[in-house]
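Enquirer: My structure is below; once you've seen it, I'll send some questions.
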Amino acid sequence: MRLWIGRLVILFLSAFSVLVAQKRAQPSAYELLFQQFRSLTVDSERIGLADNYTFQRDAATFFLKEGRLYLTKPIGDRVCAALFIGKGYLSLTPTTPIEQNELLLFAEKKSLQGEEFSSAFFVFGDHSMNEWESALRFTPRPMHSQVDQKLDRGLKTFYRSKQSVLLYEVAKTFLEKEENNFFAAFMETENLKDVLFMVNPFVEEQVQFFEISRSWIQPRVYGDLITQFRRPGEKMCSPEERANLRHGYRVLSTTINCTMTDPIKILNEYLDFNVVTSIRVHAVDRPQHWIMFTMHQRLRVDSIRTSEGMPVRFFRGEEDEEMWIECNPPLRPDETRTLVIYYHGDILKKADARLQLLSSSSWYPQREGWSKTMFDVTFQYPSKYSLVAVGDLEAQSHEGDVSRTRWVTNRPVRGFTFNMGRFKQKLLHQEGSPYINVLYTGAADAWISDELADDLLQATTFFEKIYGPLTTTTLHATETPYFHGEAWPGLIHFSGLTFLRGQISDEGTLIFRAHEAAHQWWGIGVDVRSYHDVWLGEAFAHYSGLMYLQAFQKNNKLFFEELVRYRKNILSRPTDKRRPISLGYRTRDYSVQIYQKGAWVMHMLRTMFMDLKTVNEDVFNSILSTFYRRYLNKVASTEDFQRVVEERTGMDMSWFFNQWIHGTDIPKYEFAHKIESAPDGKYRVQCRVITSNAAEGFQAFVVIRINFGQDRFARVRVPIKERISEFDLPLLPLKPEQIIFNDMESVLCEAKEVRW
Ligand SMILES: [Zn+2]
């Protein structure tokens, strides 16, 4: 009987959902476009004969030797794709040596000169149709037997069927219905893998070339990026300009009202999480019909409304981060519009006394990528929890067992997050430094949080002394259930592991804590311009951690052990697989190249400008403090940093940056020396250095230490430039006991002592 009732209910529900589905049958422009694109067919009336036909798209030349070019049927009134089957050749030369090298790693040549392809599928928002129509005659012709299969493969490169979403460039190009310079060519080549060439108007460095691997389906990107570079005359973008280019709209401010309540069912692992986010937007330079936001896929959008409460149409794919919002009427550049987004979802998970926010950054809708904006965020939550967030605490109240706190940023920030839990608190303050506020759970002993607060205060004081003052008044340090740390403006998330008894004094943990603290200066205080410059955040923060260990914790031994460990890692990478630091995430070896080699670069700068007699480091410190003060709350590039180094040292430093940031050579030095008596009871030391594993002209300033015994020593700095460098040390008054080449690890190299 009970079973029967159950069935009845289910039947009723499914009938109801059919009704709902029918009511929503009117698909949005996005859904229509997706359906039309996915089911594109070729137009049997419009097939062109390609016979030694050449056309060019920026750095790429397409030579269609023989075959047929099948136009697809239009979407709306626009033909936006075509299929070529036959014999064609692609030529492509990246414009910079670094990018030519990237191509070399993929194709074993620095330039493609007539790479044969047997089919190509073109998708375009540019003038291709006009160009082809004026050169080829499109008429009814017999079709190749593989047309359907090739077309299907080509199309599949541009949409994700599981989520029912188009790739961003395709969606944006055809939803905006404007001609742009988007051009993509998916090719099945004879000797390389399947590849995709693209002129992408939605990114900086608009010429892109990908390898398409069907076995590795990564969401939201086309495939594996092989090379990417600027079109001729393409200008450098600031992060804001880059994001504007991609999205066509700007976010002026974000206001969030977030209500979190304990789940009614005690066994539910997630807190109820209900949010209303209001975003003020306007178009950048031309009207926008559809704009895209991203948000964690676990969050479900209930509705989107205008500030007047009118419903706004949107589209979200299955389990997808993208959220496309229709602007009806189109969003204009001179108009500010508020979108109010209502959503909820399981994203805040209970984990003992801590709560696990499944994504610290995508718990609210945002313009993907770099979006510096103002935030005004109000949280409502059970009083048993404490909460800290980015920004200043503007208001707080407690009613019954519900707390409300409001957090407002006083300047635009890149992102906003919070941490909530059943925390205890340790507040520490020293005149002239920011408050240190440690929030930790009961799992940690009180003395551990005392130690952590003390350590953070010392690190902060140390960095403020070298770099300059922080602009935040409080630095919150909070415990999370994760295994990694994260730095936010005025807020650091530390892994719960940091708070464990055995970890608190561990040197690795100590470096890592100081690294996260140093991000307040590097990465947050001074933000980086593009992916080429990420080392200015990560390597600076990491080397700051090492300097703190060395200077404040007086652990010189471990400081050098860490550098040696990094060198081992760097050298363990095969020479032809090493990528320069300036490739950022594209190094494919991020932690070794960016953190570890980056830290070495900082170390080399430091030793190069150290006064060897007094060990005075004023020059290095002034480089960093000038850089910090000049670019605080701005973005900086590697070139900006180079300019500051040159200004503080009066030296042309392009050789240094070319070698270490844009290059991959790690030199090998074989050092030999000979000690002889000289007149007046003095000693002459002859030295010879043979350099290998480095390009012609590679140079370095190596520190040599001369030990005389009984703790007496002297240091000299020698330039090494030639394949074989021979030089004498200054005449010595005492007979040296030992000559040490590359003292203080002054240069990242393999050094070997050999016989004269
Ligand atoms: Zn970091």
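The values are calculated or read from the model by the stated rules, or taken from the named source; none is laboratory data. Model, not experiment: these values are computed from the prediction. Neighbour counts run over all protein chains shown; Cβ positions are idealised from the backbone, glycine included. Note: areas computed on protein heavy atoms with side chains; ligands, DNA, RNA excluded. Shrake-Rupley method; radii C 1.70, N 1.55, O 1.52, S 1.80 Å.
Enquirer: Please state which of the following conditions Phe463 fails to meet, knowing it meets all the rest: (1) open to solvent by 10 Å² or more (accessible area, probe 1.4 Å); (2) closer than 20 Å to Glu507 by Cβ; (3) within 16 Å of the ligand (Cβ to nearest atom); (4) in contact (Cβ under 8 Å) with a residue 40 or more places away in the chain.
Expert: For Phe463, the exception is condition (1).
Enquirer: Moving to a separate point now. Return the only residue of Ile581, Ile623 being within 21 Å of Trp655 (Cβ to Cβ) and without any contact (Cβ under 8 Å) to a residue 40 or more places away in the chain.
Expert: So the residue among Ile581, Ile623 that is within 21 Å of Trp655 (Cβ to Cβ) and without any contact (Cβ under 8 Å) to a residue 40 or more places away in the chain is Ile623.
Enquirer: Any idea which of (1) within 11 Å of the ligand (Cβ to nearest atom); (2) among the aromatic types (Phe, Trp, Tyr); (3) over 30 Å from Phe229 (Cβ atoms) is the one Tyr548 doesn't satisfy?
Expert: The one condition Tyr548 does not meet is (1).
Enquirer: A further question on this structure: So in segment 678-698, with the set limited to residues that are of a type in the set (Val, Ile, Thr) and surrounded by 18 or more Cβ atoms within 10 Å (Cβ to Cβ), which one is nearest to the chain's Cα centre (by Cα)? Even if it seems obvious, please write down each step before you answer.
Expert: Applying the first criterion (of a type in the set (Val, Ile, Thr)) to segment 678-698 yields 685, 689-691.
With surrounded by 18 or more Cβ atoms within 10 Å (Cβ to Cβ) added as a condition, the list becomes 685, 689, 691.
On the way: Val685: 49, Val689: 40, Thr691: 35 Å.
Only one residue tops the list, namely Thr691.
Enquirer: Quick test of your reading of the structure: Asp302 fulfils all but one of (1) part of a strand (DSSP E or B); (2) open to solvent by 50 Å² or more (accessible area, probe 1.4 Å); (3) within 16 Å of Glu368 (Cα to Cα). Name the failing condition by number.
Expert: That leaves (3) as the condition not met.
Enquirer: For segment 365-409, give me the residue count where each residue is open to solvent by 20 Å² or more (accessible area, probe 1.4 Å) and within 25 Å of the chain's Cα centre (by Cα).
Expert: Count: 7.
Enquirer: Residues in segment 437-450: is at least one at pLDDT below 95, part of a strand (DSSP E or B) and among the charged types (D, E, K, R)?
Expert: No: segment 437-450 contains no residue that is at pLDDT below 95, part of a strand (DSSP E or B) and among the charged types (D, E, K, R).
Enquirer: To continue, here is another question. Considering each residue of segment 459-510, count those that are at pLDDT below 90 and either over 20 Å from Val390 (Cβ atoms) or in a helix (DSSP H, G or I) (or both), and give that number.
Expert: 16
Enquirer: Looking only at segment 699-708, decide whether some residue is open to solvent by 60 Å² or more (accessible area, probe 1.4 Å) and either of a type in the set (A, V, I, L, M) or more than 35 Å from the chain's Cα centre (by Cα) (or both).
Expert: Among the residues of segment 699-708, not one is open to solvent by 60 Å² or more (accessible area, probe 1.4 Å) and either of a type in the set (A, V, I, L, M) or more than 35 Å from the chain's Cα centre (by Cα) (or both), which makes the answer no.
Results for (1) more than 22 Å from Thr173 (Cα to Cα); (2) at pLDDT below 95, shown as yes or no for each residue.
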{"position": "Glu326", "(1), (2)": "no, no"}
{"position": "Leu339", "(1), (2)": "yes, no"}
{"position": "Gly345", "(1), (2)": "yes, no"}
{"position": "Asp352", "(1), (2)": "yes, yes"}
{"position": "Gln356", "(1), (2)": "yes, yes"}
{"position": "Gly369", "(1), (2)": "no, yes"}
{"position": "Met374", "(1), (2)": "yes, no"}
{"position": "Ser383", "(1), (2)": "yes, no"}
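Enquirer: For segment 226-237, how many residues are open to solvent by less than 30 Å² (accessible area, probe 1.4 Å) and touching a strand residue (DSSP E or B) at 6+ places or on another chain (Cβ under 8 Å)? If you could, list the steps in order and put the result at the bottom.
Expert: Kept after step one, since they are open to solvent by less than 30 Å² (accessible area, probe 1.4 Å), are these residues of segment 226-237: 226-229, 237.
If we keep only those that are touching a strand residue (DSSP E or B) at 6+ places or on another chain (Cβ under 8 Å) too, we end up with 226-229.
Result for segment 226-237: 4.
Enquirer: Right, something else. Can you confirm whether Ala551 is of a type in the set (A, V, I, L, M) and at pLDDT 95 or above?
Expert: The answer is no for Ala551.
Enquirer: Here are His493, His476, His519: which of them is away from the ligand (no atom under 16 Å from the Cβ) and either of a type in the set (Phe, Trp, Tyr) or open to solvent by less than 30 Å² (accessible area, probe 1.4 Å) (or both)?
Expert: Only one candidate qualifies: His476.
Enquirer: Here's a follow-up. In segment 552-582, which residues are crowded, with 17+ Cβ neighbours inside 10 Å, of a type in the set (Lys, Arg) and in a loop (DSSP other than H, G, I, E, B)?
Expert: Residues satisfying the conditions are Arg573, Arg578, Arg579.
Enquirer: May I ask you to list pairs of residues, at least six apart or on different chains, whose Cβ atoms are under 6 Å apart, with the first in segment 476-498 being on the phi > 0 side of the Ramachandran plot and in contact (Cβ under 8 Å) with a residue 60 or more places away in the chain and the second being within 15 Å of the ligand (Cβ to nearest atom) and assigned to a strand (DSSP E or B)?
Expert: none
Enquirer: Go through the residues of segment 249-268 one by one and say whether even a single one is of a type in the set (A, V, I, L, M, F, W, C), surrounded by 17 or more Cβ atoms within 10 Å (Cβ to Cβ) and under 24 Å from the mean Cα position of the chain (by Cα).
Expert: yes
Enquirer: A further question follows. Out of the residues in segment 522-540 that are within 11 Å of the ligand (Cβ to nearest atom) and among the small types (Gly, Ala, Ser), state the one that is surrounded by the fewest Cβ atoms within 10 Å (Cβ to Cβ).
Expert: Gly523
Enquirer: Within segment 105-121, work out how many residues are touching a helix residue (DSSP H, G or I) at 6+ places or on another chain (Cβ under 8 Å), touching a residue at least 60 places away in the same chain (Cβ under 8 Å) and open to solvent by 30 Å² or more (accessible area, probe 1.4 Å).
Expert: Here the count works out to 1.
Enquirer: Still on this structure: Which condition number does Glu753 fail, the rest of (1) under 20 Å from Val564 (Cα atoms); (2) touching a residue at least 60 places away in the same chain (Cβ under 8 Å); (3) open to solvent by less than 70 Å² (accessible area, probe 1.4 Å) being met?
Expert: Going through (1) under 20 Å from Val564 (Cα atoms); (2) touching a residue at least 60 places away in the same chain (Cβ under 8 Å); (3) open to solvent by less than 70 Å² (accessible area, probe 1.4 Å) one by one, Glu753 breaks only (3).
Enquirer: Condition test on Arg337, is it surrounded by fewer than 16 Cβ atoms within 10 Å (Cβ to Cβ) and closer than 30 Å to Tyr159 by Cβ?
Expert: For Arg337, the condition - surrounded by fewer than 16 Cβ atoms within 10 Å (Cβ to Cβ) and closer than 30 Å to Tyr159 by Cβ - is not met.
Enquirer: Which one of these is out of contact with any Leu (no Cβ under 8 Å at 6 or more places or on another chain) and at pLDDT 95 or above: His532, His519?
Expert: Exactly one of His532, His519 is out of contact with any Leu (no Cβ under 8 Å at 6 or more places or on another chain) and at pLDDT 95 or above, namely His519.
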